[in-house]
Amino acid sequence: MARIKKEKRNRLRTKFRFAIFNDTSHEEIFVLRANGLMMLVSIAMAVILLIGSVTLLISFTPLREFIPGYPNAQTRRAIVQNALKADSLEQAIKVWDFHLNNIQRIVSGEEPLTPGNLDAGLLAGDSTANELPVTYSGRDSLLREEVIRQEQLAMNSSNRKIEQIEGLHFFPPVKGVISERYNAAINHPFVDIAAPENSPVSAVLDGTVVFAAWTEETGYTIQIQHDNDIISIYKHNSKILKKSGERVKAGTAIALLGSTGTLSSGNHLHFELWHKGVPVDPEKYIKF
C-alpha cells in the first residue's frame, strides 16, 4: 500500500514535455515542460478562469437575455406597467366602494361621507383597525358611556321624526307656468313647468344628489334624495350644476332649465316628487 502511494507521488513529480514539431523538417515549434502536479494545477486554473469569464460575459452583456427564464427589457417593462395598472385598479375599486357606501348611507337616510372625513382604513376597506385592542381610563369610559347615551337619545328622536310629507316647507323648483299638470290616470305622474331657457332650477328641500347625468330620452337629469323618504327629480335641463354625492340646501341652484332629450318639445322643467316609492302631486305641497 505504501509502495502504491509512493508511486503516485513520484508520478506527480515526474516531468513531462509537450512539444509540437514540423512534420516535414522535424523542427521543434513549441515546447511545454511541466511535472504532473503543475499540469493538474494549470488545468484547474484554466477551468476556473474559463468559468469566471463565461459568468462575467453572461452577467454584464446582453447575452444574459438568452438564458431561459431571464426577463428581457420588454418583459421588465411589461411587469412595471402591469404593477401600475394593478395599483390604479385598486384605487378605482376603493373609490367604487366609497361611492357604494355613500349610496347605502343615503338610502338608509344617513349623512353621506366625504373623502375629507374618511380615514384611510375605511376607504381601503381594512377592518384590522377595528381589531386593535384599545384601553380606556375610568374618565374615558364615563365619557364614552355619556356619548353612547346621547347617541341613543338622538336615534330615538330621529325615529320619532315626522315620516309624512305634509307640513314640510318646499322651495319652488323654478319660476314659471305649469304647462301640464299631474295626472296619474293618463300616466303623467309629474308636472311640466314652462320657463325661459337657462332659468335656474332649485332644490325643493335639503338633500343629497344621488343621480346627475345625461339620458337619451330625458336629457340632463338630476335626482335628489331628501329626508322622510322623499325624492325629487328634475329632467330636460340644459346644464347640470351639481354632481352625484353632493349635499344641497333647499333653494340652491342645481341645474339650468332647457329642452334636452328626445321626449322634450320645448323649454320646460319635467318635475317629479316621490314619497316612499310612490309619485305624488307636487301642486299639493308646492306653490308654483
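Rule-based calculations on the coordinates, nothing more; no lab input. In this text, all values refer to a predicted model and were calculated from it rather than measured experimentally. Neighbour counts run over all protein chains shown; Cβ positions are idealised from the backbone, glycine included.
Each residue of the range 250-260 was assigned a 3J(HN,Hα) from its phi angle through the Karplus expression (A = 6.51, B = -1.76, C = 1.60, θ = phi - 60°), giving 4, x, 6, 5, 10, 6, 10, 5, x, 8, 9 Hz with x at Gly and Pro. Couplings for the range 166-179, taken from phi via the Karplus curve 6.51 cos²θ - 1.76 cosθ + 1.60 with θ = phi - 60°, read 5, x, 7, 9, 9, 8, x, x, 7, 8, x, 10, 6, 8 Hz in order; Gly and Pro are left as x. Give me the net charge for the shell around S108: Cβ to Cβ below 12 angstrom, other residues only, Lys and Arg +1, Asp and Glu -1. Counting the neighbours of S108, the net charge comes to -3. When the listed pairs K85/K243; K175/K287; K175/K243 are checked against a 21 Å cut-off, the alpha-carbon distance exceeds it for K85/K243; K175/K243.
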